[in-house]
1. Accessible area, 1.4 Å probe, largest first: how do 330, 598 sort?
2. If you average the C-alpha positions of the range 634-656 and of the range 29-87 separately, how far apart do those two centres end up, in angstrom?
3. Heavy atoms only, probe 1.4 angstrom, no DNA, RNA or ligands counted: give me 505, 52, 607, 30 ranked by accessible area, highest first.
4. Report the accessible area of residue 219, computed with a 1.4 Å probe over the heavy atoms of all protein chains in place, in Å² rounded to the nearest 10.
5. Where does each of 568, 736 land when they are ordered by accessible area, with a 1.4 Å probe and the largest first?
6. Would you mind checking the radius of gyration and Dmax of the range 377-428 based on alpha-carbon positions, in Å?
7. Please compute, over every Cα-Cα pair in the range 720-801, the percentage with a separation greater than 20 angstrom.
8. On a straight-distance basis, which lysines could pair with residue 300 in a cross-link, Cα separation under 18 angstrom, same-chain partners fewer than 8 positions away excluded?
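The values are calculated or read from the model by the stated rules, or taken from the named source; none is laboratory data. Keep in mind the model is a prediction, meaning the values are calculated, not measured. Cβ coordinates were reconstructed from backbone atoms using ideal geometry, including for glycine residues, and neighbour counts include every protein chain displayed. Heavy atoms of the whole protein, side chains included, go into the accessibility calculation; ligands, DNA and RNA do not. Shrake-Rupley method; radii C 1.70, N 1.55, O 1.52, S 1.80 Å.
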Amino acid sequence: MLAAAVMTVAPSAWTQQINGTPGSPDATVTIDGKQIPPPPLPFGGVIKEAATESKPYWPPRVVPPKGAPNILLIMTDDQGYGVSGTFGGVIPTPALDRVAKAGLRYTQFHSTALCSPTRAALITGRNHHSVGSGVIGELSTGYPGYDSIIGLENASIGSILKDNGYSTSWFGKNHNTPTYQYSVAGPYDQWPSGMGFEYFYGFMGGETDQWTPYLFRDHTQIFPFVGKPGYNLTTDLADEAIKHMRDLNASAPDKPFFLYYVPGGTHSPHQPKPEWVAKFKGKFEMGYEKLRDEIFANQKRLGVIPADAQLTPWPAEIPKWDSLSLLEKKLFERQAEVFAGYAAYTDNEIGRVIQEVENMGKLDNTLIIYICGDNGTSPEGTLYGAFNQLTAYNGILKAPEALQMLHYENWGTDKTYPHMAVGWSWAFDTPFKWTKQVASHFGGTRQGLAISWPGHIKGAGAIRSQFHHVIDIVPTILEVTGIQAPDMVNGIKQRPIEGVSMAYTFDQANANAPTKHDTQYFEMAGNRGIYHDGWMANTTPFAPPWDLATGKLPDVVNGYKWELYHITEDYSQYNDLAAKNPDKLKELQALFLTEAAKYQVLPLDNTAFVRLQTPRPSAIAGKTVFTYTGENSGIPLGNAPDILDKDFTITAEITVPKGGAEGMIVTLGGRFGGYGLYLLKGKPVFCYNFLDMERFRWEGGLGLARDVLGKALAPGKHTLAFDFKYDGPGPAKGGTGVLSVDGKELAKKTIKHTVPLMMTIDETFDIGVDTRTGVDDSYTLPFRFAGTIDKLTFKLGPSQLSAADKKAVEEAYAKAND
């Protein structure tokens, strides 16, 4: 290990040429590293009246301790312990194998059970509630542990390494920026750039379409897929990371890098390139229960679970494979093939990034940390899977089978936004119970981890079974780089790092040493657990996460059943000892409350996704009238007018040039849900896309004035209006829309239902152009409006959802942001 607690400041070679003796070693100044950035040093030269009598001096640059390694920190998405071949799964993961064979595999490493909380803990070295991330930002509340703000007192590893001389970059998923700060209005202190990452290439939220991603380079939305048939974000991220490393190596080959690489695979939508799906054709005919048995046997053979570990029971809530119809089995197999292809494809692209490190000759001085999943495998595809995940997010838990089968062949392509049935998710969390979102059980929190550092980790290919948590990664990085956690960052006193370094496990002599992480709490939306000295006490989830949980919630303090496991002897939480050891259970319950108070877990709240209605900062809070002029695209969903479950009127004052015009006037969403008001061959159209299940169109030639208004608009000024009266109260009701031109009705139509809660996740509100995907197939993108938008106005009526309505539908919405 490198000596810690110092930071070296070395003058540049040019400075030495001027001030030093040619051929002498560079002079260095050592500072204690407790304050970053370090205070400026006094001018070290001499200033006289004439330059000929003076001595110049360049401010020294900060460099890491000598020999500090490069850091490649990798984490995949929504992958439980049984996904990767490295940890017994049936999906080959050669890149993860490579890291494991060159280093160590960890069999008791843990997440928080949900993505952005895990990510906040990973980059700060502090528990997720300590850094305001008790749950995803979309559900943030006004308490310190839940406000979605990683405060200035919690500097990330990016900030620490950057101010100690590292190049820092972030590729892939963010989801650690508060949702109300996604727009160009900022502020940017909670974006990657504000968290110490000098370069960011990725997406801001919990997920994005892989074919047409909602993507940013630093603070600017970009569209790299335009004009590139076959584009996929998973490959693009690897390409960009490789290019970035090459650029760094060309400019400063001796400057170490910290590259945080977090692709979206395998979060929904499951969208790998088709050749990867083909590799798994027919591989899941056995069904999910037998898959689970196969994974369990593999895990024992590989030694990644103890020989005496037991396979937890199959849950009664999930239908057994043999109870499915032949059509359901065929569809479910396809879902698993696409998921497996996505997992393998993601690992392959990660392997390309690792290979580039070797190609540059830097593998021997690079610490590679590869975490398989930020939580357990996702159950959010419902019991049946979904060709468009937005249907589930809007409470449609089982799309019609015929409609699902229509997408059998294109499952995973740009024509679908899919997820798989829960049975597969449970199997991919083998040998544990439960899934993502459930913090009380290892099915939600146990992740495969491999770490390599050639020349420093002895006994390559070995297994480590010490209990550790995602908060332990930052202190591990700090120890191996010789950099200490600062007391002050940018003048702000820092909260202590709460994890412990795992570097002691790198020593072969410590292969079986007791863990240094002997206590760890878990909590997510009321489900909770506490690990201490080989024991685990935890609550029993009151409802499965794939339900909307609209029933009565139990009392969060006293309404939960508790379980007790001796993890030292019971790896998979199989044998509940609560009834036999009530005193031990009480001891651990008391310890949980102590830890909860210490780390900002209180107040406990099991309302889960109902928290969506919590008032929080917003640039458009309370607005009912929105006015725009000219072309304006890329406005995030949270800053757009919300037309759901209410009356609304859209009025567009436009100028049609000579020769006529067509193009998009205004749109939100795209192929999988949304709306658009546009001119098609000069004729006005309003299209309402009901989650790619139905499309309703209002257009010329269908209304009361078809003889006059069924034609293309003549050059000059016109006023288009779409007025919709909602048939509330209640969610998802229908309504009547009227499309008019210059005050004359063009088309009138009544529809039976509307989108209740969520039209899109990762598409934007665009004016004068349509980006990413279209709401229907009648036009091609970017479908820029050829005229002028003089004024566009949205007027919104009040929401027609009651408090009970909101509670019933909000459960589904936030699952989109996990």
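1. From most accessible down to least: 598, 330.
2. The distance from the Cα centre of the range 634-656 to that of the range 29-87 comes to 47 Å.
3. Descending order: 52, 30, 607, 505.
4. Solvent-accessible area, nearest 10 Å²: 60 Å².
5. Heavy-atom accessible area, descending, gives 568, 736.
6. Final numbers for Rg and Dmax: 10.3, 27 Å.
7. Within the range 720-801, distances greater than 20 Å cover 51 percent of Cα pairs.
8. Those lysines meeting the cut-off are 101, 290, 433.
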